[in-house]
2 protein chains.
Amino acid sequence: MKKMGIPNMTEKNREQFQSDGRLIETKLSQYFATRPRWGMLHEAMEYSLLAGGKRIRPALTLAFCRLFGGSVDTALPMACAVEMIHTYSLIHDDLPCMDDDDYRRGKLTCHKVYGEAMAVLAGDGLLTAAFEVLLDPALTEMTREQAGEAAFVLAKAAGHNGMVGGQTLDIMELETTEQGILELHQKKTGALLRAAAEMGCIAANAGEAARRAAISYAEHLGLAFQIQDDLLDAEGDPQLMGKQTGSDQAAGKQTFLSILGSEACRSRVQKETELAKQSLAVWEGREYLCALADWLENRAY
Amino acid sequence: MKKMGIPNMTEKNREQFQSDGRLIETKLSQYFATRPRWGMLHEAMEYSLLAGGKRIRPALTLAFCRLFGGSVDTALPMACAVEMIHTYSLIHDDLPCMDDDDYRRGKLTCHKVYGEAMAVLAGDGLLTAAFEVLLDPALTEMTREQAGEAAFVLAKAAGHNGMVGGQTLDIMELETTEQGILELHQKKTGALLRAAAEMGCIAANAGEAARRAAISYAEHLGLAFQIQDDLLDAEGDPQLMGKQTGSDQAAGKQTFLSILGSEACRSRVQKETELAKQSLAVWEGREYLCALADWLENRAY
């Protein structure tokens, strides 16, 4: 499934994306490898963490660190931390009291395999582990300064005025305007993508201009990503997506698609992708991040 | 209810405990005071956070900071962070898929008031906010070094090999021996009490010996606290406790009480309280922390 998804990248960029993915998965698989007596928790955490996501967020962290001259070893714990936060949010979003989803990435969701209580705990465990991994001096080459700043950026993006706030807006179903849906997704998806990019800058000790460019890229990319998600939910191939499609419409949910229509959505995805790439226009070495944006624009899952 | 609970403290110590409690509650009530459009989340977080706990953990943070010569202003965000972690764990433990509790501290539990989805999110929001509050340079007088170290201590205590691990052991109901129950509670309750004490030391830049004393105090106190909890669940006054009693026995749960019997439990509470106090024997100014331990030994809720 994975290899099919990146046809429009050059060989070199595809290799970079795949080798970053392997690096991240190898690292992720090390954190919870031991199995204490309460190891069912670790098993549930690992089940969702290693269930084969696209690893977009950690890829952004590594890519921005590299773009601005940092060492990938410094960025790797940050990359793993952001993926843990992302995974916890999926586990909790899938719970029966939330979206009640049975499948994710072609596999049963965490609560379908381990039960609801364990899924709540696996989410809690991953959310907390993100900060452990970031802040443990034994696990990182970051300075305390870098680790503290990265952890703050991550907590703010994930928290009550970031991702958790966005999920709240989502379940409250308050939003019926383009502006409202935009704010929902800036919080629910955008904030974490932005934090992923920012952490890459922190790992590289990048300056203000570099950081602004990374944030702008991530914000446009996040918006393109979300609108593409709405389109795929309506028009995508459930087999490629690894989950049921049509759920937004079935739930009568307001989305970019229901408000703007599919034509406007498609051209908006293009426009935001273009703006993402333009954000990096003055930075040498941007080709990989531009290719990543192009791939996401054309992804089928 | 609160004032009844501390009859055996001297006037001076009682005043200290009560003024620390007010300080913490005032600070806690400031963090989520704004109400954005998704402010139902903030309301749910605040509902549980300000539902009148004993504030033992933050009191320990402030007390150890003071004992070792630090400034309470430095310790206050740490104290609030540990209380947020404690509160999130109560919200998630009370969920229908966990302990399914309707009342806590004499009030309806978070999910009974705001629904299950919002309670999951309120817990997630508080867990994340603990790290925001600790790590936000604008909210704290800590150095980045202190904040990073405190956040790491807190994450480790709260995480998969700490509190979340303990809750996993609890729902798996694996433990049938004194040793097993001990480990469960060292994780589920002990780890966070210990982190509260350690953070006070970090706030005061206390040395190794001071830190060892604080940890020893917290570990003995935590054990006394938990055994007393088991006794109160069986023999306490539901009205004073603000929740149903007898739930352990009704659930056929193995506890210190079911394994050791009430006589042995009572003398163990005494012994652990004594050991907690002895841990501080060489430290001038320990009277308040000793009084706190005595109060907890004799508490009725």
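Bear in mind that the values in this text are calculations on the coordinates, not laboratory data. What you see is a predicted model, and the numbers here were worked out from it, not measured in a lab. Neighbour counts run over all protein chains shown; Cβ positions are idealised from the backbone, glycine included.
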Q) Between residues in the range B:37-63 that are on the phi > 0 side of the Ramachandran plot and residues that are of a type outside the set (Ser, Thr, Tyr) and in a helix (DSSP H, G or I), which pairs lie under 6 Å by C-beta distance while being six or more apart or on different chains? A) B:Arg55/B:Gly21; B:Arg55/B:Ile24
(Q) Please count how many residues of the range A:32-75 are of a type in the set (Asp, Glu) and within 14 Å of chain B (Cβ to nearest Cβ). (A) 2
Q) List, please: which pairs have Cβ atoms under 7 Å, are six or more places apart or on different chains, and start with a residue in the range A:271-287 that is part of a helix (DSSP H, G or I) and end with one that is among the charged types (D, E, K, R)? A) A:Thr273/A:Asp294; A:Thr273/A:Glu297
Q) So which helices (runs of 4 or more DSSP H) are wholly in the range B:130-233 and hold at least 3 residues that are closer than 30 Å to B:Glu284 by Cβ, away from every other protein chain (no Cβ under 14 Å) and out of contact with any Pro (no Cβ under 7 Å at 6 or more places or on another chain)? A) B:191-203
Q.
Kindly evaluate A:Gly39 against the criterion of being farther than 21 Å from A:Ala214 by Cα and not aliphatic (A, V, I, L, M).
A. yes
(Q) I'm told B:Gly53 meets every condition in (1) of a type outside the set (A, V, I, L, M, F, W, C); (2) farther than 30 Å from A:Glu116 by Cα; (3) assigned to a loop (DSSP other than H, G, I, E, B) except one. Can you identify the failing condition by its number? (A) (2)
Q: Would you check if there is a residue in the range B:62-81 being surrounded by 22 or more Cβ atoms within 10 Å (Cβ to Cβ) and either part of a loop (DSSP other than H, G, I, E, B) or among the acidic types (Asp, Glu) (or both)?
A: no
Q: Just give me the residues in the range A:115-141 being touching a Ser or Thr at 6+ places or on another chain (Cβ under 9 Å) and over 19 Å from A:Ile85 (Cα atoms), in sequence order.
A: A:Glu141
Q) Among the residues of the range A:106-129, how many are within 7 Å of another protein chain (Cβ to nearest Cβ) and either touching a strand residue (DSSP E or B) at 6+ places or on another chain (Cβ under 9 Å) or closer than 17 Å to B:Asp93 by Cβ (or both)? A) 8
Q.
Suppose we keep only residues that are assigned to a helix (DSSP H, G or I) and aliphatic (A, V, I, L, M) within the range A:86-114. Which one would you say is surrounded by the most Cβ atoms within 10 Å (Cβ to Cβ)?
A. A:Ile91
Q.
If I ask for residues that are within 13 Å of chain A (Cβ to nearest Cβ), under 16 Å from the mean Cα position of the chain (by Cα) and not polar (S, T, N, Q), which ones from the range B:87-105 would you list?
A. B:Tyr88, B:Leu90, B:Ile91, B:His92, B:Asp93, B:Asp94
